[in-house]
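Some notes on the structure that comes next.
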Amino acid sequence: MTEEFCIEMKNISKSYSGVEALNDVDISIRKGEVHCLIGENGSGKSTLIKIIAGVVTPSRKAQITINNKLYNKLTPIDSMHQGIQIIYQDLSLFPNMTVAENIAINQLLESKKQITNKRRIKEIATRALESIGIDLRLDTLVGDLPIAKQQCVAICRAITCGELLIIMDEPTSSLGKKDIDYLFNIIKTLKSKGIAILFVGHKLNEISEIADRVSILKDGISLGTYDIKELNHKKMIELMTGKTLTVSTYAREYSTEKPILEVRNLSKTSQFSDINFTLYPGEILGITGLVGSGRTELVSSIFGLNPADSGEILIDGVVTPIKKIRDALKSGICFVPEDRLSQGLFMNHTIENNITVTLLKAMLNKAGYLDIKKVRNVASDWVKDLSIKTPSIDLPVKQLSGGNQQRVVIAKWLARNPRILILDGPTIGVDVGAKEEIHRIIRELAKQGLGILFISDEASEVVKYSHRILIMKEGRIVEVINSADIFETDLLEKLG
Amino acid sequence: MKKHYRIPKLFLRHEFILAIIMIIFGLLVNSINPVFLTAENIFDILKTSSITGMMALGVMVVMISGGMDISFTAIATVSMQVTVRLLMMLDKGNIFVAFLLAAIVGALLGCVNGFLVYRFKLPTLIVTLGTSNIFHGLLLSILRVPHLYSVPTYYFEFSKMLLFPWVNQEGFHFGLSSLTVMLFAVAFVIWVILRFTMIGRGIYALGGNIEAAKRAGFNIMLIQFFIYSFIGLTAGLASIEYVALFRHVHPFNMMNMMMNVIAAVVLGGTSISGGSGSVIGTLLGVWMLYMITNSLILMGIPSEWEPVVIGAIIILSIGINAYQKSVRKVEVKIIETEV
């Protein structure tokens, strides 16, 4: 065991029912360093950190050395006694208990004392808060605090028992820029106290800012640990995805004479302001920006779900007031929402029902009853057109894979023959192969003359699959750029 | 600098508002019928509400942990039958043995619930719905004659016992009933446990975030068994109090008390979704409920109106609770922006 490492793990492997989540992974952590763990979804990050915390046991014999002590098997108690604490992505706090109680709870449970002492709780909590320099009222209920402050409570709880290493699982996923800066200051303070941080994340600009060293996982295999100085965004992406830079292949294949959709000075208080852009028939416009930049709110207002306070929307050059969803539908606008599970699909209903649900009025026969045959035909046609993989259209959609579910949602709206299609995060939770397929479908639709808006968090997706890119920041459009004119790494920098 | 007027924390608490409502209500009813706020009547309310109160303490603990137990009246009924009949068969025993035996039977039946809830991770409402039917059904199928109208005198003697008895002008004895004293004793014990022990923290933790409770290292098995045997125990005690007060053993009467007990607990501020609740609140909720039914009688309102009034007050109390939560959120926002 080398002097500089306080934790050394070699030959870590873990399989779940035959699927190998981790294969012979090595990782070492230096005392007091900020070590970032990056990798795509499914690369094994969660499994690895759970093994370090002792919550999961490796499938084969592994070498785990912590503070010069060799372990064959690591239990959560061992891990805790060595001063390793893990902050899960959902923070695992008790919303009905006070800040003081939440902070002190780990230490109380460790001491095994059955009687609680209010004074002791207060002491533990005050000490933790002071050591990081955070000011919070001890008797506030944690459930009443904003997320950023809840995270402070989670960190304080971790440092009461975590003198060696604190593992943070994607701590910035629901934070805005200001809160992220606040968090990073705390991390720096922890570092100065000699506490190492294992930071799991995937936003590369954050990694560049905070990391000392970075470990990369891909498909359960460790691609090595690098000093942050040796890395740039380009290299990180290449390592994480195994692919080289993506360049857009979407040349302009449409006419820019008459815009199909034009938005002028669209504003809604505290959501977005002064939005101006045009969309041409046959164009795919990718909208991107950080969480909270107002993208979903903007497209929701074009769909009438979230009507704007001021500004104009023009369809085919004609000012069209859109105050409710019916107005949007009448103008041929359709919206595929981000959360297909709760907003896009009736999970327990069949594929057939889901596809035809918005068309039922058009499916009535002369007597006013539903034409079952017609419904079935329409649904079957769409399943074929969009290559939805299913043995039967009578299957409930919850049994489909993510990619196929997304296709059902798209089919539902395409069945209405829209002229403008809005997709919010169309490939979230969809694997790489299906992603390619869905974008192929979108491109086909564009070629047929639809105007398409899609929102994505992934710079690579937006660069690769759109004609033009709209970048939003804090409710405003900051840039409109041709996808052919930019690399994704540069786009990432612009977003940061 | 904007001056922020902060409402003192005390005034926002559900228990405080409930107490105020009770006082106002009491004064109102008293103006219609001055018998209401007399010592005799108040002690009487305290006495008759003790049975509901005892069971309410058990229900409160289950609710705080995020669960729901609807088998407690069945457990009470079974405990009552088993205890009274067994002691009568053996021709031995006294009131204390009766309470002890009923408590043990109740706790054991509660353990069955605890086992099913913990071991198989089944939803608590469904489990207790099942065990309620099983316990009660088994009882009725075993007993050929489920009613028992002749019980040993020591039951009724106990209910007549008073702490610090007074005598009023008509020669009527009144004072703090033994039943009320029992309620206070059990209330005190559970208050101490909830407030000062790790099991108590664990109960609140389960109700707040069960995943986090598991990850933090709470002994979930111990806590669940404690919760469900506690409600069983209180149900057992309540059942003997029933026999003491009403001098008979009945297979159905206690079953019908379920809704009122739950109403009282909710009225007292315990959240149905779990994570919050207090002993004081529950006691106030029980007394409020009985104040209402008692006052309806004194005001000559037909008993059919009782559920209507209770229902209205439950909705009102939940509404006030929800309003308080939103006020607290606004307060926190103000504090955070000041910082």
| message | Can you compute 3J(HN,Hα) from phi for each residue in the range A:67-77, using the Karplus curve 6.51 cos²θ - 1.76 cosθ + 1.60 with θ = phi - 60°, rounded to whole Hz and x for Gly and Pro? | response | 6, 6, 10, 8, 10, 7, 10, 10, 9, x, 5
| said: Bin width 5 Å, origin at 0, all Cα-Cα pairs of the range A:5-241: what percent of pairs per bin? | reply: 1, 6, 14, 18, 19, 16, 12, 8, 4, 1, 0, 0
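For the protein assembly as shown, what is the percent of antiparallel DSSP beta bridges, rounded to the nearest 5?
Taking every DSSP beta bridge with both residues in the protein assembly as shown, the antiparallel ones total about 55 percent.
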| Whole-angstrom Cα spans of the range A:1-134 along principal axes, big to small | 48, 35, 29
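Based on the mean of other beta carbon atoms within 10 Å per residue, what is the order of A:401-407, B:66-72, most packed first? Let's see the in-between values first.
Values: A:401-407: 21.9, B:66-72: 25.1.
Taking the mean over residues of other Cβ atoms within 10 Å, the ranking is B:66-72, A:401-407.
Quote the Stokes-Einstein diffusion coefficient, in whole µm² s⁻¹, for the range B:39-255, based on the Kirkwood radius over alpha carbon pairs, a temperature of 25 °C and a viscosity of 0.890 mPa s. Before the final figure, lay out the partial values.
Working: Rh = 18.1 Å.
Translational D for this selection: 136 µm²/s.
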| field | Choice from B:ALA244, B:ALA39, B:ALA322 with maximal GNM fluctuation in chain B (Cα, 10 Å cutoff) | value | B:ALA322
| task | With a cut-off of at most 13 other beta carbons within 10 Å, and DSSP calling the residue loop, which trypsin sites (Lys or Arg not before Pro) in the range A:1-51 qualify? Please list them. | result | none
| request: Step through the residues of the range B:316-324 one at a time and calculate ³J(HN,Hα) from phi using the Karplus curve (6.51 cos²θ - 1.76 cosθ + 1.60, θ = phi - 60°), rounding each to whole Hz and writing x for Gly and Pro. | output: 4, 5, 5, x, 5, 4, 5, 5, 4
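Report the net charge of residues surrounding A:ILE167, where surrounding means a beta-carbon distance below 12 angstrom and charges are Lys +1, Arg +1, Asp -1, Glu -1.
Combined, the nearby Lys, Arg, Asp and Glu give 0.
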| query | Once label points are set 7 Å from the Cα along Cα→Cβ at both A:THR256 and A:SER380, what is their separation, rounded to one decimal in nm? | reply | 4.6
| task | Assign one of three labels to the range B:194-339, namely rounded, prolate or oblate, based on the Cα gyration tensor with a ≥ b ≥ c the square roots of its eigenvalues; rounded applies when a/c is under 1.5, prolate when it is not and a/b is larger than b/c, and oblate otherwise. | result | oblate
| Looking only at GluC sites (Glu not before Pro) in DSSP loops with at most 12 other Cβ atoms within 10 Å, what is the longest site-free stretch of chain A? | A:5-252
| message | Give me the net charge for the shell around A:MET363: Cβ to Cβ below 14 angstrom, other residues only, Lys and Arg +1, Asp and Glu -1. | response | +4
| query | Taking amide hydrogens as modeled 1.01 Å from N in the peptide plane, which residues meet the under 5 Å criterion relative to A:SER13, leaving out close sequence neighbours? | reply | A:ASP24, A:VAL25, A:SER59, A:ARG60
| Given the pairs A:LYS31/A:LYS229; A:LYS268/A:LYS447; A:LYS177/A:LYS473; A:LYS435/A:LYS464, which are separated by over 21 angstrom at their Cα positions? | A:LYS268/A:LYS447
| said: Report the Cα centroid-to-centroid distance between the range B:177-210 and the range A:10-84 in angstrom, as an integer. | reply: 41
| In terms of the Cα gyration tensor, with a ≥ b ≥ c the square roots of its eigenvalues, is the range B:125-233 rounded because a/c is under 1.5, prolate because a/b exceeds b/c, or oblate? | oblate
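How do A:ARG60, A:ARG127, A:ARG468 rank when sorted from fewest to most other Cβ atoms within 10 Å of their own Cβ?
A:ARG60, A:ARG127, A:ARG468
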| What does the charge add up to near A:LEU290, with Lys and Arg as +1, Asp and Glu as -1, over the other residues with Cβ less than 14 Å from its Cβ? | -2
| message | For a test of the definition: using alpha carbon positions, the gyration tensor, and the 1.5 limit on a/c, classify the protein assembly as shown as rounded, prolate or oblate. | response | prolate
| field | DSSP-defined antiparallel bridges as percent of all bridges, chain A, nearest 5 | value | 55
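Taking each residue of A:90-103 in turn, how many C-beta atoms of other protein chains fall within 10 Å of its C-beta, and what is the average?
4
Bear in mind that the values in this text are calculations on the coordinates, not laboratory data. Small disclaimer: the values here were computed from a predicted structure and weren't measured. Glycine also receives a Cβ, built like all others from the backbone with ideal geometry; neighbour counts cover every protein chain displayed.
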